[in-house]
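To keep things clear, I will list the structure first and then write my remarks on it.
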Amino acid sequence: ITNNGTNVFRTLPRMNFWRAPIDNDFGESAQYRLSIWHAAGDNIRYKYLGNKEENGTLTVNYLLQPAGIEATVSLTYVVNKDGSLTTTAHYKALTDNLPEMMRFGMLMTLPKEIDQFTWYGRGPHENYVDRNHETFLGIWNGKVSEQAFPYIRPQETGNKTDVRWLTLKNVQGQGVKITGAQPLSVSATNYHPEDLDPGTTKKQQHMSDLIPRNETVLCVDLFQRGLAGLNSWGARPLEQYRFMEKEYKLSFTMSLIK
């Protein structure tokens, strides 16, 4: 996707199954128990299933197989008549033994100057599926650099739930709009999940020790696991905020803002 000959994206959307663990995740050893999903988005085999032109649209199909995981993702791209792109990711587990996912979605990056973030969803501050009752549905605005909360120890941050659509623009008003076929869970920050992830043990560093990336990192998810918090030394999120089904489908449409 280009705008006046310039690429809108620095890196194209890829599957993402992991978040930087929060303190409660470490308390219940999720960094070990759910670690199969850590590198799942970086180790995927793609199988091209062909394309089809019909009624002015072009549909392209792939089958994705995360290495070492008994699951598949059917990935469908539809180029619509108006030039927008609809992406659908259909996840299917092939076994009953997979652990729950941290998140299910796609990660992409844009130039840092595309930093004007607007969303129609819950706000104005970060919120999660089990931590959003103090937020309100509305149209909210902010700079990307303001979305990551400076926790004492770096961890997952900046998420928004129940998002119907979002835009990311530069100061000239150029950028992209993403509209969900269902409510989305999204974040737009200057950090990749791995920037905030200390690994298997808590790393004694502060947010000020991190150097923000020279890009906007956009995560568009169907869900992200709840934060829990009944206690911080073993309690998992309540059942309704955990995602253990064998099938999920995420769909969103991306369009250019000129």
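Hey, got the dipole for the chain? About the Cα centre, +1 on K and R Cβ, -1 on D and E Cβ, debye to the nearest 20?
The dipole of the chain has a size of about 420 debye.
How high is the relative contact order of the chain, in percent, counting Cα pairs under 8 Å that sit 6 or more residues apart?
25 percent
If packing is taken as the mean number of other Cβ atoms within 10 Å per residue, what is the order of 148-161, 3-16, highest first?
Highest to lowest by the protection proxy: 148-161, 3-16.
Residues in the stretch 154-185, backbone N under 14 Å from the label point at ARG131 (7 Å along the Cα-to-beta-carbon vector): list them, ranges by number please.
Residues 154-161 fall inside that zone.
Highest first, please rank the peptides 206-219, 55-68 by the mean number of other Cβ atoms sitting within 10 Å of their residues.
206-219, 55-68
Mind checking which lysines have their C-alpha under 28 Å from LYS249, skipping anything on the same chain fewer than 8 residues away?
LYS47, LYS52, LYS81, LYS92, LYS160, LYS169, LYS177
Given a Förster distance of 51 Å, report the FRET efficiency between LYS47 and ILE152 from their Cβ-Cβ distance, rounded to the nearest 0.05.
0.70
Quickly rank 90-103, 130-143 as a protection proxy: mean count of other C-beta atoms within 10 Å, highest first.
Averaged packing, sorted descending, gives the order 90-103, 130-143.
Springs between alpha-carbon atoms under 10 Å, Gaussian network over the chain: tell me which of THR72, THR109, THR200 tops the mean-square fluctuations.
Largest GNM mean-square fluctuation: THR200.
FYI, it's all coordinate maths here, none of it is from the lab. Everything numeric in this text was worked out from a predicted model, so none of it was measured. Every residue, glycine as well, gets a Cβ built from its backbone with ideal geometry; the counts of neighbours run over all protein chains shown.
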